[in-house]
1. Answer yes or no: is there a residue in the stretch B:2-9 that is part of a loop (DSSP other than H, G, I, E, B), at pLDDT below 80, more than 16 Å from ligand 1 (Cβ to nearest atom) and more than 9 Å from chain A (Cβ to nearest Cβ).
2. So which residues in the stretch B:52-71 are more than 19 Å from A:Gly86 (Cβ to Cβ) and within 9 Å of another protein chain (Cβ to nearest Cβ)?
3. Within the stretch A:35-45, is even one residue out of contact with any Phe, Trp or Tyr (no Cβ under 8 Å at 6 or more places or on another chain), closer than 19 Å to B:Lys41 by Cα and away from ligand 1 (no atom under 13 Å from the Cβ)?
4. So which of B:Leu55, B:Leu47 is more than 17 Å from A:Pro68 (Cβ to Cβ), of a type outside the set (Asp, Glu) and surrounded by fewer than 13 Cβ atoms within 10 Å (Cβ to Cβ)?
5. Identify all residues within the stretch A:46-71 that are within 13 Å of ligand 1 (Cβ to nearest atom) and not hydroxyl-bearing (Ser, Thr, Tyr); write none if there are none.
6. Can you name every residue in the stretch A:25-74 that is among the aliphatic types (A, V, I, L, M) and over 16 Å from B:Arg60 (Cα atoms)?
7. Scan the stretch A:49-58 and tell me whether some residue there is modelled with pLDDT of 95 or more, within 16 Å of ligand 2 (Cβ to nearest atom) and within 17 Å of B:Asn78 (Cα to Cα).
8. Pick from the stretch A:72-89 the residues that are more than 7 Å from every other protein chain (Cβ to nearest Cβ) and within 6 Å of ligand 1 (Cβ to nearest atom): which of them is surrounded by the most Cβ atoms within 10 Å (Cβ to Cβ)?
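The values are calculated or read from the model by the stated rules, or taken from the named source; none is laboratory data. Just so we're clear, the structure is a prediction, and the values are computed from it rather than from any experiment. Positions of Cβ are generated from backbone atoms using ideal geometry, with glycine treated the same way; all protein chains shown enter the neighbour counts.
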Protein chains: 2
Amino acid sequence: RPHLLSRNFNDNGRRRTVVVRAEGGSSGEHINPAIRKSEDKVVDSVLVPELSKPLTPYCRCWRSGTFPLCDGSHVKHNKATGDNVGPLLLKK
Amino acid sequence: RPHLLSRNFNDNGRRRTVVVRAEGGSSGEHINPAIRKSEDKVVDSVLVPELSKPLTPYCRCWRSGTFPLCDGSHVKHNKATGDNVGPLLLKK
Ligand code: FES
Ligand code: FES
């Protein structure tokens with residue numbers, strides 16, 4: 001659903017209100033902009049006995065090209081927005 | 001950094017432009033609004049041999065009161081925004 005914001009501003013002494021659509025429509029508030037949007041809820045399972053490496057990073061930024069694994073895309077997101085998100089590291 | 005949007009609208013036939021601050025300032029683009037904001041990057045490690053339960057859900061929505069564990073807060077976020085995020089399930 002589109003998200004609308006109303007804002008007041010001053011137009012040569014007249015008070016005016018404008019309603020704008022939030023950036024990106026409803027996706028402006030979405031944590032996940034693009035991954036598996038046909039699913040109601042994106043849940044992934046890891047069978048930990050099957051982990052092959054000593055350390056496997058899993059994505060929590062919803063920007064990875066290899067989701068549910070982390071591919072380092074959180075770095076670009078953090079730089080662009082000032083955010084501070086990072087992966088969950090699974091250690092055998 | 002605050003994020004500004006400019007929008008055009010029609011005021012009785014006159015074209016006007018208004019600039020508004022995006023909702024929540026820069027945090028409008030943040031995936032993580034509040035967790036451990038003093039850290040440059042929030043990374044957590046799970047030692048999988050120490051998992052006690054057959055299934056442990058880990059948060060990927062950054063809204064959990066028990067982060068890095070999932071407490072079900074993704075449901076409220078999804079309902080409020082139309083998003084579709086969910087946890088990572090670790091299975092022993
Ligand atoms: S790519 Fe998403 S947390 Fe690393
Ligand atoms: S509370 Fe964040 S994914 Fe469940």
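1. The answer is yes; a qualifying residue exists.
2. Within the stretch B:52-71, just B:Leu55 meets the criteria.
3. no
4. None of the others qualify; the one that does is B:Leu47.
5. A:Pro57, A:Cys59, A:Arg60, A:Cys61, A:Trp62, A:Arg63, A:Gly65, A:Phe67, A:Pro68, A:Leu69, A:Cys70, A:Asp71, listed by residue number.
6. A:Leu47, A:Val48, A:Leu51, A:Leu55
7. No - not one qualifying residue is present in the stretch A:49-58.
8. A:His74
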